Every structure is written in C-alpha cells, then in structure tokens.
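Have a look at the structure below, then the notes.
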Amino acid sequence: MIPAVEGLLDEPYNGQLLTVLYRLAEWHALAKLRMHTEHTLEYLDKATTKLGHELRSFRDWTQKAFSCQDLPGEADARNRRRQQKARKDHARTGMPNTANRGENTTANAKTTEKAKPKSKTLNLFTYKFHALGDYVRTIRLFGTTDSYSTQIVILLLPFVFLFSILIYAG
C-alpha cells in the first residue's frame, strides 16, 4: 500500500502519512506472527506504543491541515432518518413534530431542511484502537492469534444439534 500512496500528498504530509502506514504495517506483521519469543513480544509492545503516538499525531495534524466532511450520501441518509423519525413521532402522537401544539416552530423546520455535511475527524475512541494495547497480554495468555478460532465451534454446531435431537427423541 505504501508505494500506491507515496507522493499523493505534498510534504510534510506525505512523509507523515508514510510513517503512519509503515507503523501500521510493522505492527500488523508483528501481531500476526505465528511464533513469538519474549523478544518479539517486547518489540510488539514497543511498536504498539509507537503506533499509538503516530496515530494521535496523525489525527492532530490532519485536523489542522485538512477539512474533512461527510460525503453527500451520508448527509442525505441522515436527512432521511430525521424525516422518518419525524413521521413516526407524528404517527405516534398525532401531532406534528413541534415544541408546542399547533405551532410551526424551528423543530418542524429542522425536519424539512436539508442536512448539511458534518465535519469529520479520525476517531481514536473506538474498540479497535483500544484493543491494540491488549495484544501482547492476550498472546502471552492464549498464544498467537492463529492458535485459537471460533471456526471449530461453528463447524460442530450441526452435530451438537443432531446429537441433542437423538438424546431427547430416544
């Protein structure tokens, strides 16, 4: 991915973007190793710390340097949801969506006006980013991420179902 993105932005943004992509690729390669030693886990822990710093730095400089907004389709979807909610409220209460009964207030005007695109920033307060710091501890407790899976349970479900039918029928 790095060669495809290289040169996309002017400097210093190009260098900062490439650094973030490199840190993400480095972390991913370390996290997906099939065999870890104490040395590789220590390196993964340090890479996680560096990645966290790089992501926060990336978020901060992109907020300052670029104005990012919703796509037009996202704003249209928000507008449709608002109109559907207003119709449901009207059907439920029998009154228009207004603050006072019989009054045409700004609450009713808000449902008819077109939603404007919202400003967007990188949200680091999601579970995916939060869970990055737990990888080293999880690998120490349960082993590498390729050594456990829910696939076995999913494959056995038909047999468990059949077995339970045979037990109850017999």
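Throughout, read-outs are computed from the coordinates displayed, never taken from laboratory work. Keep in mind the model is a prediction, meaning the values are calculated, not measured. Don't worry about glycine lacking a Cβ; one is built from the backbone with ideal geometry, like all the others, and counts go over all protein chains shown.
Counting Lys and Arg as +1 and Asp and Glu as -1, what is the net charge of the other residues whose Cβ lies under 12 Å from the Cβ of Asp76?
Charge balance near Asp76 sits at +4.
List Tyr168, Tyr43 from most exposed to least, where exposure is judged by having the fewest other Cβ atoms within 10 Å.
Tyr168, Tyr43
Label Asp76 and Ile167 with points 7 Å out from Cα along Cα→Cβ: what is the distance between them in nm?
Each label point lies 7 Å from its Cα, and together they span 5.4 nm.
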